[in-house]
Amino acid sequence: MNSDRAKALTQQVTDAVLAVPGVACLRPSLRSLLHAAGSRQQDAAGRQDPGTAVRVAFDARGKVAALRIDVVVRAQHQAAHTADAVRTAAAEAAATTPGAVRVTVTGIV
């Protein structure tokens with residue numbers, strides 16, 4: 001799969017997820033946080049690299065087969081409802097079915 005296409009899709013999904021009411025932030029792994037801190041990596045639009053908080057897997061035809069997203073939810077929002085909204089937004093952004101999207105709430109702030 002084309003690396004540029006995967007990065008563009010990851011950023012598109014990231015933007016859609018961050019626009020969902022109740023999402024405080026994405027939750028990348030510690031490894032991604034350390035890498036980002038060391039490189040201060042940002043894309044051309046100045047957005048932070050989502051690291052491994054958004055992971056996309058493609059099938060042999062190049063279509064999205066699975067999408068994994070780790071988010072932190074704001075305390076005043078219901079985590080389950082926010083996760084459902086994230087699933088829907090991510091599926092639309094990636095042009096895939098909601099069943100291909102797995103959302104994990106990794107924290108509440």
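Using a probe of 1.4 Å on the protein chains alone, the accessible area found for THR106 is around 60 Å².
Modelled label positions at ASP84 and GLN12, each set 7 Å beyond Cα in the direction of Cβ, lie 2.6 nm from each other.
Label sites at PHE58 and ASN2, each approximated as a point 7 angstrom past Cα along Cα to Cβ, lie 0.8 nm apart.
The values are calculated or read from the model by the stated rules, or taken from the named source; none is laboratory data. Every value quoted in this text rests on a predicted model; they were computed, and no experiment measured them. We place every Cβ from the backbone using ideal geometry, glycine too, and count neighbours over all the protein chains shown. Just so you know, the surface numbers come from the protein's heavy atoms only, side chains and all, with ligands and any DNA or RNA stripped out. Shrake-Rupley method; radii C 1.70, N 1.55, O 1.52, S 1.80 Å.
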